[in-house]
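The values are calculated or read from the model by the stated rules, or taken from the named source; none is laboratory data. On a predicted model such as this, the values are computed, not experimentally measured, just so you know. Note that each Cβ is placed from the backbone with ideal geometry, even for glycine, and that neighbours are counted across all protein chains shown. All accessible areas refer to the heavy atoms of the entire protein, side chains included, with ligands and DNA or RNA removed. Shrake-Rupley method; radii C 1.70, N 1.55, O 1.52, S 1.80 Å.
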Amino acid sequence: MSKLCVIGTGYVGLVTGACFADLGSEVHLMDIDQSRIDGLKNGIMPIYEPGLEQLVAQNVKSGRLSFTTEIAEALDGAEFAFIAVGTPSGGEGEADLQYVRMAAETIADLVNSPIIVVNKSTVPVGTGDWVADIIAKRRAGKPLDFSVVSNPEFLREGSAINDFMSPDRVILGSLDQDAAVRVSHLYDSLRCPIMITDLRTAEMIKYASNAFLATRISFINEIATICEELGADVSQVAQGMGMDKRIGRAFLDAGLGWGGSCFPKDVKALAHMAVIHGSNPQLLQAVMEINRNQRRRALLRLRKELGSLNEKVIGVLGLSFKPNTDDIREAPAIELIHLLENEGAIVQSYDPQAMENAKGSLPNIRFCNSPYEVAQNADALVLATEWNEFKQLDFERIAQLMRGKVILDGRNLWDPDRMREMGFTYFGIGRPNNKLYE
Ligand code: NAD
Ligand code: UGA
């Protein structure tokens, strides 16, 4: 049985720890956030992620998963120390590495037996070398037998456990191939393709993958904008494009754009890396600009239909950055609500999981208990997050509850013809009869 310490119990740390425990390793999860650890010890998950609570409970019961704030305890006898702390955006768009540094320093200060440091956080190219340097320098007087392996994580929130357990690939990068092979054995039972490369290449694979996915979405959103003016239907365009095996259908859903804790910060960090090393990341800049525009276009659409938004009541369905998560970091809904509030609109909203998290960022909106309460007296209804429970609403009831008739379907969830038959002034993203400019 391998012995692992995982530093950080966020989406990545907690899911990684619980899954490795489920695959048979002994996992000690560590966090500096006392309330998080206290909660976990009592079976309370710090995040909403389908299936996580049960997986954690099973593995705690089996004795393979434990939680602590004591790093020395978590590292004691560990063969692998996974770093899974946050790498948020710094002031210039760069990845802020303060938590990674802290984790590396703690490992250097406390470990006394050979260890493989595995970096799961998304970090700029060169960070693995920097971590190795930090550890080596702090242990100059008492050298430590260690290697650094980059093992970027590709899970998505909302389907994190399944993504971890059935990955398309595992990427491992290291200057020490034996260390990379040892980490690869932790994944053996997943029977997935494993690629071993050097540290910097592994780090770049993570950024390039996220940037490419964000680019696909911005690409289809640009096509959607053109479709709106030309009367074509972007949903069918995506379907038709996706039939080409070279293109594929995934990540071609037009909408209010991408948000979340990763695409925004990672595309920014990659562009920042490029600029400070003398490149001009024109495509990445355009990808970010198109994304910002998706929210602005939604605002323009509402202004066009409702005139001044001052004192208009706008109902917003969904607050999380995507369905099946309570994460609101860089959520398109939150950004759009701020734009609406700047214009004097009165916003009311409902989200199945994210309202508690959204209270801090949205002190002035009215939180509702159901989609129908959101529709009450609304001049317009905006769908921002495509939760399953919004798919089959009672639109007759909604039509009666609303004061106006405008529906802006920011995720193309509903059938335009049906909505129009029911008397709504319906707009999707990139749909026919959607011209913004006459
Ligand atoms: P998160 O913000 O949810 O959690 C980070 C955790 O690390 C927090 O609980 C924090 O208290 C803890 N932490 C910070 N410093 C610490 C320290 N010195 N010791 C112990 N704990 C410490 O972050 P996340 O969403 O899990 O992301 C972690 C990393 O993984 C980021 O680099 C992110 O880009 C990357 N990533 C995230 C996802 C995702 O879906 N969220 C997917 C792939 C990769
Ligand atoms: C994304 C990647 O998909 C993961 O592989 C990666 O590990 C993770 O970032 C990370 O590095 O943190 P995640 O942010 O959880 O995962 O969610 P996605 O499903 O990728 O969605 C991101 C955003 O893009 C959401 O706002 C979603 O609504 C939007 N999106 C997605 C679209 O607008 N259109 C699409 O076709 C797909």
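When the chain is treated as a GNM with alpha-carbon contacts under 10 Å, the residue of D327, D417, D176 showing the greatest mean-square fluctuation is D417.
Which of the listed residues, I196, V12, W414, is farthest toward the dipole's positive end in the chain, when Lys, Arg count +1 and Asp, Glu count -1 at the beta-carbon? The residue sitting most towards the positive pole is W414.
Under a model in which nothing but the beta-carbon of Lys, Arg (+1) and Asp, Glu (-1) is charged, the chain shows a dipole of about 600 debye around its Cα centre. Against the chain, whose longest principal axis is taken from its Cα atoms, helix 11-22 shows a tilt of about 60°. For N42 and K435, the FRET efficiency from 1/(1 + (r/R0)^6), where r spans their Cβ atoms and R0 equals 51 Å, is about 0.40.
Taking amide H positions as modeled 1.01 Å from N, with prolines and chain starts lacking one, the residues under 5 Å from I407 and 5 or more places away or on another chain are L381, T425, Y426, F427. Counted over all Cα-Cα pairs of the chain, pairs farther apart than 27 Å make up 56 percent. Largest to smallest in accessible area, the residues H277, H338, H185, H28 fall in the order H277, H185, H338, H28 (1.4 Å probe, all protein chains included). Evaluate the distance, in nm, between pseudo-label points positioned 7 Å from the Cα of A232 and of L110 along their respective Cα→Cβ axes. It works out to 5.6 nm between the two label points. Of the GluC sites (Glu not before Pro) found in segment 301-387, those in coil by DSSP whose Cβ has at most 16 other Cβ atoms within 10 Å are E311, E343. Longest segment of the chain with no trypsin sites (Lys or Arg not before Pro) in a DSSP loop having at most 14 other Cβ atoms within 10 Å? For trypsin sites (Lys or Arg not before Pro) (loop position, at most 14 other Cβ atoms within 10 Å), the longest site-free span of the chain is 1-168. The local environment of F80, defined by Cβ-Cβ distances under 10 Å, has a net charge of +1 under the rule Lys, Arg +1 and Asp, Glu -1.
Measuring r between the beta carbons of E53 and E356 and using R0 = 22 Å, the FRET efficiency lands at 0.85. Distance between the modelled labels on Q34 and N388, one decimal in nanometres: 3.9 nm (7 Å Cα→Cβ projection). Phi angles across segment 261-277 convert, under the Karplus curve 6.51 cos²θ - 1.76 cosθ + 1.60 with θ = phi - 60°, into 3J(HN,Hα) values of 7, 10, 3, x, 6, 6, 5, 4, 5, 5, 4, 5, 4, 5, 4, 5, 9 Hz, Gly and Pro given as x.
Modelled this way, with points 7 Å down the Cα-to-C-beta line, the labels at D129 and S189 are 3.8 nm from one another. Dipole magnitude for segment 211-427: about 380 debye, using +1 per Lys or Arg Cβ and -1 per Asp or Glu Cβ, origin at the Cα centre. For segment 60-151, a crude dipole built from +1 on the beta carbon of Lys and Arg and -1 on the beta carbon of Asp and Glu, taken about the Cα centre, is about 240 debye to the nearest 20. Translational diffusion of segment 3-197 was estimated from the Stokes-Einstein equation, with Rh taken as the Kirkwood radius over Cα pairs; at 37 °C and 0.692 mPa s the coefficient is 196 µm²/s.
Computed from the C-beta positions of E421 and E289, the FRET efficiency with R₀ = 45 Å rounds to 0.80.
Considering only P114, P124, P371, the mean-square fluctuation computed in a Gaussian network model of the chain, springs between alpha carbons under 10 angstrom, is largest for P114. In order along segment 392-408, the Karplus-derived 3J(HN,Hα) couplings, from 6.51 cos²θ - 1.76 cosθ + 1.60 at θ = phi - 60°, round to 10, 8, 7, 6, 5, 5, 4, 4, 5, 6, 6, 8, x, 10, 7, 10, 10 Hz, and Gly and Pro are given as x. For segment 47-107, a Kirkwood radius taken over Cα pairs fed into Stokes-Einstein (4 °C, viscosity 1.567 mPa s) yields D = 91 µm²/s.
Extension gain for the segment E92 to S308, taken as residue separation times 0.36 nm less the Cα-Cα distance, is 74.3 nm to one decimal. A Gaussian network model of the chain, with springs between Cα atoms under 10 Å, assigns the largest mean-square fluctuation among V237, V347, V406 to V237. Looking at the chain, send over the antiparallel percent of its DSSP beta bridges, to the nearest 5. Here the antiparallel bridges make up roughly 5 percent for the chain.
Two-decimal Rg/Rh of segment 211-427 from alpha-carbon positions, Kirkwood Rh? On the Cα set of segment 211-427, Rg over Rh gives 0.97.
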